Amino acid sequence: MKADSSSSSSLNSRMRLRNNHGVGSSSQDWPPFSRHRFSALSSQEDYRSEESEEFGPVFIQEPDDGIFSLDSDDKKVIMNCEARGNPVPTYSWLINGTVVDTEADFRYSLIAGNLIIHNASEAIDYGRYQCRAENSIGTVLSRDALLQFAYLGAFSGRARGAVSVREGQGVVLMCAPPPHSPEIIYSWVFNELPSFVAEDSRRFISQETGNLYISKVQPSDVGSYVCQVKNTVTNARVLSPPTPLALKTDGVMGEYEPKIEAHFPQTVLAAKGVTVRLECFALGNPVPTITWRKMSGNIPKKARLRKSQAVLEIPNIQLEDSGSYECKAENTRGGTAFRGHLQVYTLPQWISMINDTQLDSGEQLHWECRATGKPRPTYRWLRNGEPLNSQSRVEMMNGELIIHRLQQADSGMYQCIAENKYGAIYSSAELKILASAPVFSTNPFRLIATVGKDVSLECRPRASPKPRISWRKNDRRVHASRRIMLLRNNTLRIINSSRSDEGSYVCRAENQFGSAELTTVLLVKEPMRVELSPIRVEVTVGESVVLSCKVTHDPSLDVSFLWLLNNQPLNTQQEGGHFEYIQTQSSTADLMIRSILLKHAGKYGCRAQTSADSVLAEAELLVRGEYAKTNPEPVTGNMESAMAVELNPWVEYEFRVVATNGIGTGDPSASSRAVRTKEAGICHCVTFKHYLPGNGSRAHNNLFFFRPQPVSEEFQNGEGFGYIVAFRANGTRGWKEKMVTSADSTTYKYRDETFPPLTPFEVRVGVYNNKGDGPFSEVVTVFSAEGEPREPPSEVQAFAISSSEIKVMWKPPNPGPGRPQGYEVSSWKDMEQEEMGKKKRTKGNETTMLLTGLDGNTQYLISVKGFNSVVQRGIHKTLAVLYPVYLDQLLH
C-alpha cells in the first residue's frame with residue numbers, strides 16, 4: 001500500500017493584531033529543501049507596530065517540515081521563524097526538545113529569528129525543530145518542524161545468482177533496495193538500457209517491495225534483469241547487479257491455481273485527503289484475473305484500477321472510505337483472496353480557540369479550546385513555553401483551563417495544544433492581569449429630576465481589581481431602604497423622588513492601589529404640564545387652523561418645543577409653506593397650518609422638553625375634501641336639487657348639503673347614501689415603469705416582460721378591466737395580441753423558441769373593460785433575452801507568483817449571441833470538491849485576475865466561467881501547484 005498526498009499541504013501561521021491562533025504540524029512528507037529553498041530572511045522591523053501598547057510575541061512565520069538533499073552543493077539549511085511583539089521578541093531554537101546552543105556550536109547561527117545550519121548532516125541534525133519567541137510579556141513555542149535528509153545509497157556489489165524456472169511457472173525477482181530516504185520509485189531493466197520491463201496482466205512491479213512478479217514465465221522472458229531505483233527528491237538513480245532468468249529443460253509447468261504473492265498490509269493507515277494505492281498480484285497458470293470489492297458497501301466511485309487491476313487507487317481518501325477491502329485472484333484452476341482493513345485518520349483541526357484576555361486580579365480565568373480529529377485529540381497547556389501543571393488554583397481537563405483567584409504572576413503567554421499521534425496544532429493567547437487605582441472619566445456634574453420620578457445616580461470607575469463602592473449624601477453615609485437601592489452595577493437608585501432628596505451625592509471607589517470620588521448634585525423640580533388646544537378640530541380643504549401649545553414648568557429651567565405629525569418630527573421647511581412655527585413667549589408655541597390639504601389630516605403632537613422632563617400633548621386634525629362640483633348657477637329661494645357634473649365613471653360618491661345666506665354658512669348635512677356612476681369606455685392610455693428584455697430568464701425564449709403603473713379602480717371606468725399586450729418582430733406587419741385579464745397583474749412574459757437571442761420587437765400596451773377597448777400606448781422597441789454563453793473561455797493559464805497568490809489569465813470566447821458580461825474564477829484545493837472553493841468575479845470583461853489569500857504548499861484547481869444575466873456557463877479548468885517560494889510547474 002502507498003498513501004501519498006496529491007499535494008504537499010502546509011498549515012500557514014496566521015497573523016493577528018491582538019489575537020493569534022497557532023497552527024499545527026504533522027508527520028506528513030513535505031517538499032524537499034532543494035525545491036523548497038525556504039523564503040529569504042526578512043526583518044522584524046518590517047512588522048513592528050506603531051502602537052505603544054505592549055503585547056506578547058505573535059508568530060508571523062513558523063518553521064515548516066522539509067527534506068534536505070545530502071547531494072546538494074549548498075550544505076546550508078535555513079529554518080524560518082518570525083514573530084511580532086512589543087517589545088521586539090528575541091529567539092531561540094530547540095531540537096528534539098533540547099535548546100540549540102548557537103554560541104557554543106559554530107555550525108549554528110541566528111539571523112533575526114531564522115536558524116541557519118552549516119554543513120548539515122543527517123546523523124546530527126535530523127529531528128524535530130521548534131522556534132521560541134520571547135519578550136518581557138511572555139514566551140511562545142512554534143509548531144514543530146521535521147527536518148529530514150534525502151539520500152540514496154548503492155546496491156551491494158555482490159553478484160546475484162541465476163534463477164531457473166520451468167515454462168509456465170511463476171517467479172519473483174527480488175530487488176533488495178539500498179538504504180534511502182525518503183521513498184523511492186522502482187523499475188526493472190530487461191537485458192540492457194533503455195529496455196524496461198512493461199507491466200501487464202502477467203508482469204507486475206510492486207512499489208512497496210520493489211520486486212518483479214511474473215505470474216507465468218514464457219520463453220521470451222529469458223534474459224538478464226536489473227532493478228533500478230530513483231530517489232523522489234534528488235532524482236538520483238542506481239542499478240542493482242543483474243539477475244539472470246533461465247528456463248529449466250525438464251519440462252513445462254502444468255496449470256495451477258493462483259497464489260497471491262504481493263498484497264497490501266492487513267491494516268492500512270492513511271491520512272484524510274491523500275491518495276491510497278492498494279496492491280494485489282498473484283502467480284498462476286493460466287494468468288489470474290484480479291478483482292476488488294469492499295466488504296461493507298461499494299468501492300468509492302472515485303476509485304480507479306491501475307496496472308491490469310493489480311492496483312486499486314482511491315484519491316482524496318475520506319472517513320467514509322474506511323472499511324475492509326478484498327482482492328481476489330482467479331483462473332480456471334481455482335481462486336484465492338486477501339482481505340485487509342483501510343483505516344483513515346485525520347489531523348487535529350480547531351473548532352474553538354483561545355483569545356487574548358484581560359482580567360482583574362482575584363477574578364477567575366476560564367479558557368476552552370476544542371478540536372476534531374481521528375483519533376480524538378488530547379490537550380495540553382503551556383505558559384510562557386513551559387508545561388502548565390494542575391495545582392491548587394489551576395484546573396485542566398478536556399481542553400478547559402480554569403485558574404482561580406488570578407494573581408499578577410499569572411500574566412503571560414498561554415498555548416493550548418491539541419494533538420493525536422499524527423500531528424499537533426497550537427492556539428496562543430495573552431493573559432493580562434490588570435492592576436490600577438480607580439479613575440472616573442467624568443467630572444462632577446449636576447442631575448435634574450422631577451418629583452415622583454425614579455432617579456439613577458451612576459458610579460462607573462475604571463479600576464483593577466474591582467473597587468469597593470460607598471455612597472454618601474451631604475457627608476452622611478447613604479444606607480439602603482425601601483426607596484433607596486444600591487444596584488449590582490454600583491448605581492444608586494432613588495424611587496419616587498421628592499424635593500427632600502436634593503443634595504450632593506458622592507460615590508467613593510477604593511482598592512489596594514488607591515481611591516477616587518465622583519460628586520453628583522441632584523436637583524428635584526416640580527413636573528411640567530403641557531396643554532395642546534384645540535384637542536380635536538375639523539376643517540375643509542383650503543382652510544387654515546392654529547394649534548396652540550402652552551407649558552407650565554419650573555421657571556429656572558429652559559423649555560424647548562418639538563412638533564410631530566403622526567409620531568414623526570414635522571419639518572416646516574419641506575412642506576411648501578403650509579406650516580409656520582410661532583413662539584409668542586418662552587412657555588407658549590403655536591403651529592399655523594395654512595391652505596390645508598387632505599394629506600395634512602392626522603395626529604399632531606407637541607413635545608415640550610427641559611433638562612428634567614419631557615412631556616407630549618396630542619391633538620387630532622380632520623380634513624374634509626370636495627369631490628363633486630355643484631351647479632355653478634346662483635341658487636335662490638328654496639331650491640332643493642343640484643346637478644353634480646364631471647364625475648368619474650363607475651365610482652361611488654357620497655354627498656352633503658350646506659345652506660348659505662347673507663349672514664354666513666351653516667353646518668353641512670349628514671352624508672347621503674353611496675351612489676355609483678355608470679360604466680363607460682376607457683379614454684386614457686396606460687403608462688409603464690419599465691420595458692425590459694428578458695434578461696434574468698434561464699433561456700433566450702423569454703422574449704420580454706412589462707410592468708404597468710397600477711391603474712386604480714376609480715380610473716377603470718367599469719367591470720372587466722384588463723390589459724392588451726400587442727407586439728411584432730421589427731419589419732413585420734401584423735400585430736400579435738395577448739389578453740391579461742387581471743387588473744392586479746404587474747408583469748407579463750412572452751416566450752417563443754423560434755426567435756434567436758437579441759431579436760428586436762415593437763411592443764404597445766392597451767387597456768379594456770366591459771364597455772370596450774381603450775387606446776394603446778406609444779410603441780416601444782425591446783429585445784429578446786441575449787441567451788446563455790455557448791463557448792467557454794480558452795487558453796487559461798495560471799502562475800503562482802508568491803506563497804499565497806496565483807495570477808490567472810485567459811482568452812474570451814468568440815463573439816456571438818450569449819456573449820459573457822464577465823467571468824467567474826473558482827479555486828479549490830485538490831483534495832476538496834469544487835463547491836467548497838472560493839469564487840471571485842471580474843468587474844467587467846477583464847481577462848486576468850489575481851487570487852490572493854491562498855495557502856502555501858498547496859495544489860489548487862482553478863476554473864474560469866463566462867456569465868451573463870441569463871446563465872453561467874462555459875468552464876475551463878487548470879491546475880496550479882503553489883510552494884512558499886519555489887514555484888512548481890503549472891499543469892493545464
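The values are calculated or read from the model by the stated rules, or taken from the named source; none is laboratory data. Here the structure is a predicted model, which is why all the values come from computation and not from measurement. Neighbour counts are summed over all protein chains in view; Cβ atoms, including those assigned to glycine, are modelled from backbone coordinates with ideal geometry. Calculation scope for accessible area: heavy atoms of the full protein, side chains included, ligands and nucleic acids excluded. Shrake-Rupley method; radii C 1.70, N 1.55, O 1.52, S 1.80 Å.
Any residue in segment 845-864 that is modelled with pLDDT under 80 and either part of a strand (DSSP E or B) or basic (Lys, Arg) (or both)? Looking through segment 845-864, at least one residue is modelled with pLDDT under 80 and either part of a strand (DSSP E or B) or basic (Lys, Arg) (or both).
Restricted to strands (runs of 3 or more DSSP E) entirely inside segment 523-583, those with at least 3 residues that are within 57 Å of the chain's Cα centre (by Cα) are 529-533, 545-552, 560-565. Please determine, by comparing only the residues of segment 542-581 that are among the β-branched types (Val, Ile, Thr) and open to solvent by 60 Å² or more (accessible area, probe 1.4 Å), which one is farthest from Arg594 (Cα to Cα). Looking at the filtered set, the residue picked out is Thr552.
Within segment 124-140, being of a type outside the set (D, E, K, R) and either open to solvent by 40 Å² or more (accessible area, probe 1.4 Å) or not in a strand (DSSP E or B) (or both) holds for Ile124, Tyr126, Asn135, Ser136, Ile137, Gly138.
If the condition is being buried (at least 20 other Cβ atoms within 10 Å of the Cβ) and under 16 Å from Thr858 (Cβ atoms), then segment 791-802 contributes Ala798, Ala800.
Whether any residue in segment 225-241 is surrounded by fewer than 21 Cβ atoms within 10 Å (Cβ to Cβ), within 30 Å of His341 (Cα to Cα) and not aromatic (Phe, Trp, Tyr) is what I want to check. Looking through segment 225-241, at least one residue is surrounded by fewer than 21 Cβ atoms within 10 Å (Cβ to Cβ), within 30 Å of His341 (Cα to Cα) and not aromatic (Phe, Trp, Tyr). Among residues of segment 175-188 that are over 12 Å from Leu239 (Cβ atoms) and open to solvent by less than 60 Å² (accessible area, probe 1.4 Å), those with a Cβ under 7 angstrom from a residue that is among the hydrophobic types (A, V, I, L, M, F, W, C) and modelled with pLDDT of 95 or more, sequence gap 6+ or separate chain, pair up as Ile184/Val229. Within segment 477-487, being part of a strand (DSSP E or B) and either surrounded by fewer than 13 Cβ atoms within 10 Å (Cβ to Cβ) or within 42 Å of the chain's Cα centre (by Cα) (or both) holds for one residue alone: Arg477.
Can you tell me which residue is surrounded by the fewest Cβ atoms within 10 Å (Cβ to Cβ) among those in segment 380-436 that are hydroxyl-bearing (Ser, Thr, Tyr) and without any contact (Cβ under 8 Å) to a residue 40 or more places away in the chain?
Looking at residues that are hydroxyl-bearing (Ser, Thr, Tyr) and without any contact (Cβ under 8 Å) to a residue 40 or more places away in the chain, I get Ser392.
Answer yes or no as to whether Ala154 is of a type in the set (A, V, I, L, M, F, W, C) and open to solvent by 30 Å² or more (accessible area, probe 1.4 Å). Yes: the conditions hold for Ala154. Of Asn420, Asn490, Asn474, all but one fail to be over 30 Å from Gly399 (Cβ atoms), within 49 Å of the chain's Cα centre (by Cα) and outside the structural domain of Phe59 (by the TED database); the exception is Asn490. Selection within segment 717-741: residues that are open to solvent by 50 Å² or more (accessible area, probe 1.4 Å) and either assigned to a loop (DSSP other than H, G, I, E, B) or of a type in the set (Gly, Ala, Ser) (or both). The member of this set that is nearest to Asn648 (Cα to Cα) is Glu719.
Of all the numbered requirements in (1) more than 30 Å from Pro241 (Cβ to Cβ); (2) open to solvent by less than 50 Å² (accessible area, probe 1.4 Å); (3) of a type in the set (S, T, N, Q), Ser121 misses one, and that requirement is (1).
Quick check on my filter: what residues within segment 425-439 are in a strand (DSSP E or B) and under 19 Å from Glu53 (Cβ atoms)?
Residues of segment 425-439 that are in a strand (DSSP E or B), as a first pass: 425-434, 436-439.
Listed by number, the residues that qualify are Ser428, Ala429, Glu430, Leu431, Lys432, Ile433, Leu434, Ser436, Val439.
Out of segment 318-360, which residues are out of contact with any Ser or Thr (no Cβ under 7 Å at 6 or more places or on another chain) and in a loop (DSSP other than H, G, I, E, B)? Across segment 318-360, the qualifying residues are Gln318, Ser322, Thr332, Arg333, Asn355, Asp356.
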